[in-house]
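Encoded as structure tokens, the structure appears first; notes follow it.
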Amino acid sequence: MAAKKDDVYGDHISNRFNDELLALKTRFLKMGGLVETQIDSAVKALIDGDGHLAEEIRAKDKLVDRMEMDIDEEAMLIIARRQPTARDLRLVISVIRMVADLERVGDEAKKIAKFAIKLTEEGQAPQGYVEVRNIGAHVMGMLHDSLDAFARLDSEQALRVMKEDKRVDEEYQAAARTLLTFMMEDPRNIPRCMSVMWVLRALERVGDHACNIAENVIFMVKGEDVRHTPMEEAERVVGR
């Protein structure tokens, strides 16, 4: 997905300022695309038992870290040079917040890759892969939709992402109960099931970060901070 050149953040008298804001959005979305791929590949590496792919994911984690630092620096320079106000300041502040969430999604991908290597070396597929696939697909959809909401400045789509977080929590809890049953039935399953439990926890955290991004999109578009507020309040803000 790409930032739109004619969006609400591109109407300044200074073309240079327009270009700087567009470049900030574009670099953020590029990083978002990378971490999306990282998570998707990490789940694939785990399910397919592909240790080589898992190693590639771990190697790319430094690139994600570098992109976070570069985007932070670019945002700080915009603040220093342009002293943005109102909607422009909300954009820059939101990007600084959201890029931290993207970096943490990259960390979760690295964590899943680590367990993918461990489980592949053990050579026996444990229980819980169906749950990993299902929750993985759910949170990857949330992450994609939150980034798309940012690209299109779509607060309604961002709100839909926020509403999915509760469903992911319920799916995670159900999967954890299933794995606990497997461990109780045969203690030999405990080490492998615990590894899968950590993978599920990492995926649940990806959903949390997608939700954080969605909250910041609403802040950008509506000018109100909906973090730590009831869902009814977020619905009021988006609906007005």
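Applying the condition of being more than 21 Å from Ser41 (Cβ to Cβ) and surrounded by 18 or more Cβ atoms within 10 Å (Cβ to Cβ) to the stretch 141-153 and asking which residue is farthest from the chain's Cα centre (by Cα) yields Leu153. For the stretch 228-237, a tally of residues being surrounded by fewer than 18 Cβ atoms within 10 Å (Cβ to Cβ) and farther than 29 Å from Glu131 by Cα returns 5.
When residues in the stretch 48-75 are screened for being under 30 Å from Arg192 (Cβ atoms), open to solvent by 40 Å² or more (accessible area, probe 1.4 Å) and among the aliphatic types (A, V, I, L, M), 1 of them pass. Quick check on the stretch 51-66. Is at least one of its residues in contact with a Lys or Arg (Cβ under 9 Å, 6 or more places away or on another chain), farther than 18 Å from Gly136 by Cβ, assigned to a helix (DSSP H, G or I) and modelled with pLDDT under 90? So far as the stretch 51-66 goes, no, none of its residues is in contact with a Lys or Arg (Cβ under 9 Å, 6 or more places away or on another chain), farther than 18 Å from Gly136 by Cβ, assigned to a helix (DSSP H, G or I) and modelled with pLDDT under 90.
Of the residues in the stretch 118-140, how many are part of a helix (DSSP H, G or I) and open to solvent by 20 Å² or more (accessible area, probe 1.4 Å)? So that I can check it myself, show each step before the final result.
The initial filter retains those residues of the stretch 118-140 that are part of a helix (DSSP H, G or I), namely 118-122, 129-140.
Narrowing the set further to residues that are open to solvent by 20 Å² or more (accessible area, probe 1.4 Å) leaves 118, 120-122, 129-131, 133-134, 137-138, 140.
Total satisfying the criteria: 12.
Can you pull out the residues in the stretch 184-223 that are of a type in the set (A, V, I, L, M, F, W, C) and open to solvent by 20 Å² or more (accessible area, probe 1.4 Å)? Working first, answer last.
Just the residues of the stretch 184-223 that are of a type in the set (A, V, I, L, M, F, W, C), to begin with: 184, 190, 193-194, 196-200, 202-203, 206, 210-211, 213-214, 217-221.
Across the stretch 184-223, the qualifying residues are Met184, Ile190, Met194, Met197, Trp198, Phe219, Val221.
Residue pairs whose Cβ atoms lie under 6 Å apart, sitting 6 or more positions apart in sequence or on different chains, and linking a residue in the stretch 189-200 that is free of Cβ contacts under 8 Å to residues at least 12 places away in the same chain to a partner that is among the hydrophobic types (A, V, I, L, M, F, W, C), are Ile190/Met183.
Taking the stated definitions as given, is Val139 farther than 19 Å from Leu29 by Cα and β-branched (Val, Ile, Thr)? Talk me through it step by step, then tell me what you get.
On the way: farther than 19 Å from Leu29 by Cα: no; β-branched (Val, Ile, Thr): yes.
Against the criterion (farther than 19 Å from Leu29 by Cα and β-branched (Val, Ile, Thr)), Val139 does not qualify.
The values are calculated or read from the model by the stated rules, or taken from the named source; none is laboratory data. Computed from a predicted model, the values in this text were never measured in an experiment. Neighbour counts run over all protein chains shown; Cβ positions are idealised from the backbone, glycine included. Keep in mind that these areas ignore ligands, DNA and RNA; they rest on the heavy atoms of the full protein, side chains included. Shrake-Rupley method; radii C 1.70, N 1.55, O 1.52, S 1.80 Å.
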